[in-house]
Amino acid sequence: MNTAGLDCRNESMTEFLFVYGTLRSEFPHPLAKRLSTQARFVGKGSTPGLLYDFGWYPGAKFDPHARTHVIGEVFSLKNAQRLLAELDHYEGTAEPGNAFRRVPVKVRLERGRTVDAWSYEMGDSKARRRPIESGDFIHHRRIKDQRPVRG
């Protein structure tokens with residue numbers, strides 16, 4: 001059964017969103033700015049998994065048994081259904097063959113609290129990708145952007 005684009009919410013889940021890439025508040029993307037105005041920032045956090053570099057955006061594979069973590073931010077959603085629909089469209093979850101899907105993850109906030117949140121995970125993409133060792137896309141981009149260009 002193809003579950004792409006299905007509404008995967010359940011009634012008992014608190015509506016939090018964990019973002020780790022272009023939707024983070026530090027990233028200059030219009031949808032990141034919109035998220036920061038239409039949702040409440042809860043804090044920075046992490047969840048077990050691996051983060052990969054696709055160039056201008058990352059992709060995560062979440063694994064509760066991983067020794068590495070994906071670093072990001074948690075938002076509490078004010079109008080969850082509408083905002084998640086917009087984000088699903090941005091991530092392309094309903095497009096056939098798209099590499100991303102919305103999944104529930106457990107996120108540990110910097111202050112120790114754990115929350116259940118939605119996030120976007122890449123599927124089994126065959127695309128060539130490099131792991132981001134730090135698990136932090138913003139940090140990775142800052143380092144990458146500081147490298148001198150070879151002439």
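Considered as a group, the residues in the range 88-142 that are of a type in the set (S, T, N, Q) and crowded, with 19+ Cβ neighbours inside 10 Å include one that is farthest from P28 (Cα to Cα), and that residue is T93. Residues in the range 1-46 that are surrounded by 15 or more Cβ atoms within 10 Å (Cβ to Cβ), acidic (D, E) and either within 19 Å of P58 (Cβ to Cβ) or at pLDDT 95 or above (or both): 0 in all. Residues in the range 56-82 that are loosely packed, with under 14 Cβ neighbours inside 10 Å and within 22 Å of A32 (Cα to Cα): W56, K78, N79, Q81, R82.
Of the residues that sit in the range 73-82 and are in a strand (DSSP E or B) and free of Cβ contacts under 8 Å to residues at least 60 places away in the same chain, which one is farthest from G123 (Cα to Cα)? Let's see the steps before the verdict.
Of the residues in the range 73-82, the ones in a strand (DSSP E or B) are 73-77.
Checking which are free of Cβ contacts under 8 Å to residues at least 60 places away in the same chain leaves us with 73-75.
Numbers: E73: 21, V74: 22, F75: 23 Å.
Among them, the one singled out is F75.
Only residues that are in a loop (DSSP other than H, G, I, E, B) and of a type outside the set (K, R): list them for the range 90-118, please. Quick ask: steps written out before the conclusion?
Pass one, the range 90-118, residues in a loop (DSSP other than H, G, I, E, B): 92-99, 110-113.
Matches in the range 90-118: G92, T93, A94, E95, P96, G97, N98, A99, E110, G112.
Annotation note: of I138, I132, the sole residue that is among the β-branched types (V, I, T) and either at pLDDT below 90 or farther than 15 Å from F18 by Cα (or both) is I132.
The values are calculated or read from the model by the stated rules, or taken from the named source; none is laboratory data. It should be emphasised that the depicted structure is a prediction, and the values quoted were computed from it without experimental measurement. Cβ sites come from the backbone with ideal geometry, for glycine too, and all protein chains shown count toward neighbours.
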